[in-house]
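Below is one structure; the comments refer to it alone.
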């Protein structure tokens, strides 16, 4: 028993129960919701991509996404999102999609915009490092913030 009289639970179960309680409107004394992991895109590091994400979110695209680890789905999402992309004048020649192709929200209907290839490479590194360092599993949720 904890000092508050509730059962001792591993942190994983505490987080799950806390989120379930918030969704269902239930209360579990002594449990708090765990904040979602957050990936941050800096306007000074990837300005075109950060502007695209901020614009997409302002138009109603979600800021909380769910990762997919299925490479076939990721490839399909990218093809579907960028199917009608027409490259802009240099340097905005690479198709950027939001929500990301590596999420269940990505794919057809995603917001697309031309961005510099170098920013795409940086974004890919940021996302893959974030997924790895934050241990985001398949269907794991995370938030996306622009600063």
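Each Cα pair under 8 Å and six or more residues apart adds its sequence gap; the mean of these over the residue count of the range 38-146 is a relative contact order of 40 percent. Here 82, 95 are placed in order of increasing Cβ neighbour count within 10 Å, fewest first, which gives 82, 95.
Legend: ranking of residues 64, 86 from fewest to most surrounding C-beta atoms inside 10 Å; resulting order 86, 64. Taking 1 over the mean of 1/r across every pair of different Cα atoms in the range 24-130, what Kirkwood radius in Å do you get? Kirkwood radius, the range 24-130: 15.0 Å. Extension gain, residue 83-residue 145: 0.36 nm per intervening residue step, less the Cα-Cα distance, totals 19.7 nm. Ordering 121, 73, 31 by the number of other Cβ atoms within 10 Å of each residue's own Cβ, fewest first, gives 121, 73, 31.
Bear in mind these aren't lab numbers, they're just calculated from the coordinates by the rules spelled out. Predicted model, so just to flag it, every value in this text is computed and none were measured. Positions of Cβ are generated from backbone atoms using ideal geometry, with glycine treated the same way; all protein chains shown enter the neighbour counts.
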